[in-house]
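Working notes, structure below.
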Amino acid sequence: MIEIRLSILILVVVSFFNALDADLDDDYITIESYDNNEIESKAEFIHPRKGRILWPYPANYIPEDDNNEKNNSSQSKGEDNKNREERFLKFSYPQSPIVDLMMQTVGVNYSPNTNDPFDFLRDSYPLPKGYSQPLEEYDYVIVGAGTAGSVLASRLTEDKPRATVLVIEAGKPEMLLSDIPALTYYLQRTDYTWQYSMEHQPGVCMGSEEQRCFWPRGKAVGGTSVTNLMLYTRGRPQDWDRIAADGNYGWSYNDVLHYYKKSERTELKKYKNAEYRGREGELTVENIPFKTGLVEAFLQSGRNFGHPTVDYNAPDQFGFGYAQITTNKGHRLSSAKAFLHPHKRRRNLHILTETRATKVLIEPQTKRAYAVEYNRNGIKYTARCRREVILSAGPIASPQLLMLSGVGPKEHLETLGIPVIADLKVGRTLYDHIAFPGVVFKLNSTNASLLEPKVATLPNLMQWLQFGDGLLTTPGLVEALGYIKTSQSEDPDLVPDIELISLGGSLTSDAGGATRKAWKISDKTYYNAFGSLSGSDTWSAVPVLLQPKSKGYLELRDNNPYSYPKLYGNYLTDPKDLATLKEAIKYIINLGESDAFKKYAPKLHLAEYPTCKIHAPGSDSYWECAVRTMLISVHHQIATCKMGPAHDPDAIVDPELRVYGISGLRIVDSSIIPRPTSAHTNAPALMIGEKGADLIKQSWLNVV
């Protein structure tokens with residue numbers, strides 16, 4: 001272990017002094033399928049910087065599960081079921097000492113100490129030179145240094161005369177190993193996330209621990225952009241045009257496109273010069289530096305079904321495309337790294353990490369927000385503001401803090417003994433994108449997909465550290481996205497109701513390790529349903545419901561700021577949502593069984609769910625039960641601080657993001673998005689941060 005740590009440290013130092021001398025000739029390094037003889041003939045690794053493949057798998061690697069299948073072909077089905085849990089445990093995490101080593105530094109309850117060789121790799125946000133403690137008063141106080149908050153803080157402190165800004169963040173700074181895209185799922189169960197879970201809802205999430213869907217949100221400088229899949233999607237133009245048509249002036253597609261472009265620095269070679277892409281922003285958007293052959297099969301099958309391969313962020317294109325992610329040379333590029341880190345020495349920008357905001361102070365008579373109470377190192381402080389308090393704490397924490405401060409549904413707050421300052425329906429609207437990861441094909445080919453024991457190797461870690469490419473750049477196995485419009489859609493326009501996420505494997509690629517734990521799928525469910533696939537090559541596409549009809553809500557558990565709120569997803573309460581997901585499942589099965597995938601000889605895996613034993617495998621009722629068992633959140637909660645015009649009874653903020661009935665208080669994060677869109681929420685949150693900064697600047701343009 002010591003030798004491994006030293007090797008990594010040496011590589012870190014070396015990487016600081018190794019300039020990248022050339023770009024790859026192609027957009028990707030392609031991993032193809034070789035048989036065992038071909039693998040064994042490879043005497044050494046081939047360097048990708050010479051335009052070839054750094055083969056990640058051991059030369060003598062043969063999936064152990066394949067051997068078991070051959071050696072135990074005479075075993076009965078009953079014996080196979082009896083040994084299933086043993087086989088699962090054999091492949092369970094930790095499978096790789098490299099992963100185990102890396103996760104020691106980002107694990108739950110980690111605290112730095114002098115014996116940790118990775119401590120110097122952590123970012124830090126000390127007060128600027130000359131300041132030993134925060135000021136008592138600032139021009140702006142921002143709660144949350146997440147995706148939108150990082151952009152907002154950067155923009156509000158860049159102009160002269162310079163406004164003073166305090167940013168209060170409950171999480172800690174990120175560090176080098178949290179930048180490894182392949183560790184995405186591991187981060188979901190660390191201190192880098194709030195460990196929220198939905199309240200129990202009968203008939204959904206039946207395969208999850210406690211039968212409650214897991215809703216982790218980023219708890220870090222950079223927020224959820226430190227823990228998400230880094231997918232960059234803007235949504236369709238109709239999404240934003242409809243938001244504007246609802247009475248939200250300034251939020252049409254043409255209005256928001258300016259802010260998308262402002263943040264973006266595209267490195268997508270095929271689309272770099274497109275007029276709708278940004279080239280001078282802080283946030284790099286690029287393709288994944290490698291691909292498996294599975295993504296080509298997915299895109300080819302899409303073309304065969306009438307879906308061209310496109311830039312899915314183009315306003316006039318609709319189809320399938322290679323995943324676009326927010327990384328820089330293969331390293332995660334969080335919002336904090338792009339917008340805060342370069343400016344953390346600005347004398348007018350003060351960032352307090354691991355500091356918890358507990359209440360916004362609002363003058364009851366004038367109804368003006370004038371300060372924020374926060375707790376730091378066990379001591380209570382108050383930060384006053386001259387101009388505005390801005391909540392950028394995300395779709396769960398922002399409404400929670402509003403209600404704790406007396407802004408929310410009157411009856412609910414009075415029940416908890418919270419004095420009501422403004423009666424608004426905070427938290428009463430909540431939409432979320434949900435998905436079903438259970439459509440899995442077992443492949444009858446070797447080395448076709450990504451498996452953790454073969455990916456999480458020291459050579460691959462060294463390659464990532466030095467060059468920012470290789471297999472560790474996979475963002476949770478995601479390789480491509482596809483957009484379809486099912487027959488369930490009643491939308492007159494070409495707006496998708498399903499997103500297909502094509503993986504270079506499936507939820508079994510780490511044999512029940514980080515992936516299923518990131519979704520809190522229970523041991524019993526996983527052992528029975530997918531344990532037999534451990535060690536096997538697989539392919540999966542995950543359908544995501546983009547336009548849910550079902551509406552949830554959230555409310556306070558009590559008046560303690562440290563208690564998690566009650567979260568009600570109300571998933572599938574509208575039958576249209578279940579019907580749409582079931583049609584998407586059939587569509588994926590057709591893709592997997594199409595000619596494009598034939599060389600992999602895929603076989604649909606009909607999982608044996610403990611909750612679905614009475615249903616015939618593959619039947620319509622089976623898939624309905626499977627969805628209800630394996631339903632997961634994609635962590636795209638929105639609308640809890642809904643934006644809307646003054647005549648909208650459910651609106652919390654106006655189109656300029658000002659909280660109704662309260663002066664000096666705005667919400668600037670994804671909680672303001674009023675209706676479901678076709679986008680993951682990271683790129684829209686960046687855009688909201690950009691636009692929110694301009695709205696605030698405009699309000700104080702003539703104030704010195």
Rank-order 137-145, 550-558 by packing density, defined as the average count of other C-beta atoms within 10 Å over each peptide's residues, highest first. 137-145, 550-558
Highest mean first, what order results for 573-584, 439-450 on Cβ atoms within 10 Å? 439-450, 573-584
Under a 1.4 angstrom probe, counting protein chains only, how are Lys261, Lys160, Lys291, Lys269 ranked by accessible area, largest first? Lys160, Lys269, Lys261, Lys291
Unit charges on C-beta of K, R, D, E only; dipole of region 210-293, Debye: 300
Listed residue pairs exceeding 24 Å between alpha carbons, taken from Lys219/Lys410; Lys261/Lys329; Lys410/Lys520: Lys219/Lys410; Lys410/Lys520
Charges only on Cβ, +1 for Lys and Arg, -1 for Asp and Glu: so what's the dipole of region 349-391 about the Cα centre, in debye to the nearest 20? 100
Under 29 Å from the Cα of Lys598, which lysines turn up, not counting those fewer than eight places away in the same chain? Lys42, Lys70, Lys77, Lys270, Lys291, Lys442, Lys454, Lys485, Lys582, Lys586
Which net charge results for the neighbourhood of Trp215, defined as the other residues with beta-carbon distances under 11 angstrom from its beta-carbon, given Lys and Arg at +1 and Asp and Glu at -1? +1
Quick check for me: using +1 on Lys/Arg Cβ and -1 on Asp/Glu Cβ, what's the dipole size of region 226-370 about its Cα centre, in debye to the nearest 20? 720
Peptides ranked, highest mean first, by Cβ atoms within 10 Å: ranges 495-504, 605-614: 495-504, 605-614
With a/c under 1.5 counting as rounded, go ahead and sort region 176-262 into rounded, prolate or oblate using the C-alpha gyration tensor (a ≥ b ≥ c being the square roots of the eigenvalues; past the cut-off, prolate if a/b is larger than b/c, else oblate). oblate
Heavy-atom accessible area per residue of region 578-704, all protein chains kept, 1.4 Å probe, expressed in Å², is 35
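The values are calculated or read from the model by the stated rules, or taken from the named source; none is laboratory data. Remember, it's a predicted structure, so these values are computed and weren't measured experimentally. Positions of Cβ are generated from backbone atoms using ideal geometry, with glycine treated the same way; all protein chains shown enter the neighbour counts. Just so you know, the surface numbers come from the protein's heavy atoms only, side chains and all, with ligands and any DNA or RNA stripped out. Shrake-Rupley method; radii C 1.70, N 1.55, O 1.52, S 1.80 Å.
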